[in-house]
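The values are calculated or read from the model by the stated rules, or taken from the named source; none is laboratory data. In this text, all values refer to a predicted model and were calculated from it rather than measured experimentally. Neighbour counts are summed over all protein chains in view; Cβ atoms, including those assigned to glycine, are modelled from backbone coordinates with ideal geometry. Each accessible area value is taken on the protein alone, full model and side chains, heavy atoms only, with ligands, DNA and RNA left out. Shrake-Rupley method; radii C 1.70, N 1.55, O 1.52, S 1.80 Å.
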Amino acid sequence: MITDAFLSRARRAARAGSPAGRGPRDGAGSGSGSGSVSVSGSVSGSGRRARARATALAAAALAAAALTAASNPTRPARAETGDFWASWGDGKAELSGYRLKMPRYGQPRDGSLVLIYVTEDFSDSLRVKADPGRHPASDVYPVLKLNSIRKFQTGIYDYSVMTSVFARLDFAATERPFPLRKLSLSSQEWCGHVYHQVVPQAATPATPLGQWLSTSHSYFDGEADEQRALPVPPGVVVAEDELPLLLRSYAQRRAFLAPGESRTVAFLPSLVRTRLLHQRLAFTEASISRAREPLAYKTPAGEVQVIAYTVAIRDGETIRDRASFYFAAAPPHRLVHYRWDSGEEATLLGSTRLPYWQLHDNGHEALLKQLGLGLPRN
């Protein structure tokens with residue numbers, strides 16, 4: 001399992017320059033399971049610089065612990081969520097850093113990906129985080145938010161692309177697990193910037209299956225300002241951007257797929273995918289499959305058991321793209337690795353739980369090493 005001891009071994013393996021892992025031994029999934037789970041910790045050094053880095057990291061960690069102890073909200077007991085809040089109601093966010101490969105302009109680009117999972121209260125009327133006391137109780141429910149931040153370089157200039165997924169936690173037994181309540185993207189690069197959001201709307205007599213309202217604002221000609229209603233197709237609906245949240249396992253929560261199960265769904269391609277390819281957002285179809293048994297996944301730090309999923313985006317009988325996702329079989333079931341046939345790939349480097357919104361002082365950047373990430377560039 002991915003334990004603290006495993007992450008420590010992975011850090012040592014990364015510093016020793018161990019080769020990348022080989023992926024699941026049986027090659028299940030889409031045939032794209034190559035990669036490694038290597039968690040890079042503090043960069044080794046000598047003398048005063050090494051001691052200074054170690055001191056800064058220790059000080060930042062103590063500050064984080066103190067802030068958490070001082071601001072740990074108490075979540076209400078919810079019978080239907082069982083032990084979920086024991087893991088996700090501690091007043092912290094889960095922060096995971098990944099080595100990213102991102103295709104752009106026909107070339108693979110090296111970069112980083114950070115996944116931030118955190119619970120918060122959400123206003124249904126405004127579709128924003130609900131501050132305490134500002135909304136009637138009937139308008140507020142808990143969500144699990146996933147922020148995904150991709151950063152990669154293209155020649156002289158860089159990209160910074162962030163998506164946010166808001167998934168409702170108190171869903172009914174008849175609903176799809178973690179129903180999507182909002183999806184948004186902001187993208188910045190030297191040519192310009194873009195904002196795009198998608199908000200699911202309730203069913204009406206005119207739209208008995210509901211619709212998703214897409215609103216976008218773009219620097220680029222022909223894309224400036226647009227609002228469109230996307231009628232929801234029949235059946236189960238999944239957005240590509242929510243896959244790292246939806247496919248993951250959680251304590252006392254119903255899984256999207258049972259072991260060995262496959263499902264064909266209406267599928268909304270990623271806002272990142274449609275942005276970079278300048279495609280018009282529209283529903284298509286995908287098949288999602290879960291492996292029957294956990295697989296052994298090879299990493300520089302040793303072997304870890306993973307739950308494997310395959311996702312194939314379809315256009316009729318034609319497969320447009322395909323991916324493998326590998327989640328740790330042991331709690332808290334972090335995403336270990338994913339890869340799309342089109343070239344995007346991410347491998348876990350490090351993970352921790354911190355109240356990151358409070359860690360904004362000079363020196364707190366040393367905590368990035370817990371995610372396997374280097375210090376930010378000036």
#### Entry: Residue list for the stretch 233-270, restricted to those being of a type in the set (A, V, I, L, M, F, W, C) and touching a strand residue (DSSP E or B) at 6+ places or on another chain (Cβ under 6 Å)
236, 237, 238, 239, 245, 247, 257, 265, 266, 267, 268
### Task
Test residue 370 against the stated conditions and say whether it is open to solvent by less than 50 Å² (accessible area, probe 1.4 Å), in contact with a Leu (Cβ under 6 Å, 6 or more places away or on another chain) and either at pLDDT below 95 or polar (S, T, N, Q) (or both).
no
### Query
Is it the case that residue 299 is under 18 Å from the mean Cα position of the chain (by Cα) and crowded, with 16+ Cβ neighbours inside 10 Å?
no
#### Entry: Members of the stretch 157-173 that are of a type in the set (Asp, Glu) and part of a strand (DSSP E or B)
158
### Query
Checking residue 320 against (1) part of a strand (DSSP E or B); (2) in contact with a Leu (Cβ under 8 Å, 6 or more places away or on another chain), which test does it fail?
(2)
### Query
Which of the residues spanning the stretch 271-313 are at pLDDT below 95, basic (Lys, Arg) and touching a strand residue (DSSP E or B) at 6+ places or on another chain (Cβ under 7 Å)?
275, 298
### Query
What about residue 127, is it open to solvent by less than 40 Å² (accessible area, probe 1.4 Å), over 24 Å from residue 336 (Cβ atoms) and of a type in the set (D, E, K, R)?
yes
### Task
From (1) under 22 Å from residue 338 (Cα atoms); (2) β-branched (Val, Ile, Thr); (3) open to solvent by 30 Å² or more (accessible area, probe 1.4 Å), pick out the condition that doesn't hold for residue 165.
(3)
## Note on the structure
Subset of the stretch 335-358, residues in a loop (DSSP other than H, G, I, E, B) and open to solvent by less than 30 Å² (accessible area, probe 1.4 Å), comes to 343, 344, 355
### Query
Of the residues in the stretch 84-118, how many are in contact with a helix residue (DSSP H, G or I) (Cβ under 7 Å, 6 or more places away or on another chain), open to solvent by 30 Å² or more (accessible area, probe 1.4 Å) and of a type in the set (Gly, Ala, Ser)?
0
### Task
Mind listing just one residue for me: the one in the stretch 203-221 that is modelled with pLDDT under 95 and open to solvent by 80 Å² or more (accessible area, probe 1.4 Å) and, of those, nearest to residue 157 (Cα to Cα)?
219
### Summary
Restricted to the stretch 251-270 and to residues being at pLDDT 95 or above and buried (at least 17 other Cβ atoms within 10 Å of the Cβ), the residue nearest to the chain's Cα centre (by Cα) is 270
### Task
Scan the stretch 174-199 residue by residue and report those that are within 18 Å of residue 283 (Cβ to Cβ) and in a loop (DSSP other than H, G, I, E, B).
176, 179
### Message
Can you tell me which condition residue 174 does not meet? The list is (1) open to solvent by 40 Å² or more (accessible area, probe 1.4 Å); (2) modelled with pLDDT under 95; (3) over 19 Å from the mean Cα position of the chain (by Cα); (4) farther than 26 Å from residue 237 by Cα, and all the others hold.
### Response
(4)
### Query
Here is a list of conditions, (1) surrounded by 19 or more Cβ atoms within 10 Å (Cβ to Cβ); (2) touching an Asp or Glu at 6+ places or on another chain (Cβ under 9 Å), and residue 332 meets all of them except one; can you say which number that is?
(1)
